[in-house]
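What follows is one structure encoded as structure tokens, with my remarks underneath.
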Amino acid sequence: MPLAVCATPIGNLDDVTLRVLHELRSADVVLCEDTRHSRVLLQRHGIEARLLSYHEHNEAARTAELLPRLGAGERIALVSDAGLPGINDPGARLVAAALEAGVAVTVLPGASAVETALVASGLVGERYQFLGYLPRAEKALAKLWDELAAWPHPAVAFESPKRLPRSLQSLARALPERPVAVCRELTKRFEEVVRGSAAEVASQFPEAPKGEITVVIGAGTAILADDAGAAGAVTELVAAGLPRRQAADLVARLTGQSRNRLYRDSL
């Protein structure tokens, strides 16, 4: 049997797919980030299952323990507290080890805090960047804002409620007019989405709020917006000694334009 990676609700317990419920009912064992948390979901849907903890503190030992069981054909389902295991949650190590050992892995998709927040923010673009949790150190935050200053697509990040006010203030100092949305308690009873400029949103959170937080940072303004200017920048970088493909890739990332077109236009 393949390892079944199962997405679970990010808040509302009814946001679970029929496939996931069937897999959890059928599994010989369900691996949980927190067995107490997962038991609430299973009880809500009338499922009795054998639960086994699988979290960041025992991930290595559990992976070594579970690989032989997967190889022997045991049906194992993997869940995290919310969302899809492996995305800022335990699971990536087991998936990689299973694949390396020749064990099939199947992913049962479901709710996503990243995509839910992105749509709710109203800042959706053709592409987006997922940042994981925002850095804790002030210097690292400042470096991130510098990187995002000309990023022409939205970015999504998780943040601790306790650190949110400080992170928003840091963003407001660096990019005060940048559009931002703070999504709190998505899909839950007290769901809230606060939208505005970085400066405006920072002023709305002078103190730490309660609940799970996802932050969406809107697209930046490209440094080079016109085709001729972008192609010219590639040509200048090449003249300075940078390989043409590297130059085209760099300018494409700054402007959001096609790397291949910049390469051709610069010839």
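The values are calculated or read from the model by the stated rules, or taken from the named source; none is laboratory data. The structure presented is a predicted model; accordingly, all values stated were derived computationally and were not measured. No Cβ is skipped: glycine too gets one built from the backbone with ideal geometry, and neighbour counts run over all protein chains shown.
For (1) outside the structural domain of D15 (by TED's automatic domain parsing); (2) within 19 Å of the chain's Cα centre (by Cα); (3) in contact (Cβ under 8 Å) with a residue 40 or more places away in the chain; (4) not in a helix (DSSP H, G or I), each residue gets a yes or a no:
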site	(1), (2), (3), (4)
V124	yes, yes, no, yes
D146	yes, no, no, no
R189	yes, no, no, yes
E200	yes, no, no, no
E207	yes, no, yes, yes
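Yes or no, residue by residue, for (1) touching a residue at least 60 places away in the same chain (Cβ under 8 Å); (2) within 22 Å of the chain's Cα centre (by Cα); (3) within 22 Å of L186 (Cα to Cα):
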| residue | (1), (2), (3) |
| --- | --- |
| N88 | yes, yes, yes |
| L94 | yes, yes, no |
| L99 | no, no, no |
| A113 | yes, yes, yes |
(1) in contact with a strand residue (DSSP E or B) (Cβ under 8 Å, 6 or more places away or on another chain); (2) surrounded by 14 or more Cβ atoms within 10 Å (Cβ to Cβ): which one isn't true of L67, the others all being true? (1)
Considering residues that are free of Cβ contacts under 8 Å to residues at least 60 places away in the same chain and not in a helix (DSSP H, G or I), the number found within the range 45-82 is 15
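Could you please let me know if T214 is modelled with pLDDT under 95 and either closer than 27 Å to A111 by Cβ or among the hydroxyl-bearing types (S, T, Y) (or both)?
Numbers: modelled with pLDDT under 95: no; either closer than 27 Å to A111 by Cβ or among the hydroxyl-bearing types (S, T, Y) (or both): yes.
For T214, the condition - modelled with pLDDT under 95 and either closer than 27 Å to A111 by Cβ or among the hydroxyl-bearing types (S, T, Y) (or both) - is not met.
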Return a yes/no flag: does the range 3-14 have any residue that is part of a loop (DSSP other than H, G, I, E, B), farther than 30 Å from E191 by Cβ and more than 20 Å from the chain's Cα centre (by Cα). no
Residues of the range 30-44 satisfying the condition of being out of contact with any helix residue (DSSP H, G or I) (no Cβ under 8 Å at 6 or more places or on another chain) and either assigned to a loop (DSSP other than H, G, I, E, B) or in contact (Cβ under 8 Å) with a residue 40 or more places away in the chain (or both): E33, D34, H37, S38
Go through (1) part of a loop (DSSP other than H, G, I, E, B); (2) within 15 Å of the chain's Cα centre (by Cα); (3) touching a residue at least 12 places away in the same chain (Cβ under 8 Å) and name the single condition P135 misses. (3)
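Taking the criterion of being closer than 21 Å to L131 by Cα and among the β-branched types (V, I, T), would at least one residue in the range 153-171 satisfy it? Walk me through it before giving the result.
Kept after step one, since they are closer than 21 Å to L131 by Cα, are these residues of the range 153-171: 153-171.
Cutting the leftovers down to among the β-branched types (V, I, T) gives us 156.
For the range 153-171, residues closer than 21 Å to L131 by Cα and among the β-branched types (V, I, T): present.
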Within the range 67-81, is there a residue that is modelled with pLDDT of 95 or more, touching a Gly at 6+ places or on another chain (Cβ under 7 Å), within 20 Å of E212 (Cβ to Cβ) and not β-branched (V, I, T)? yes
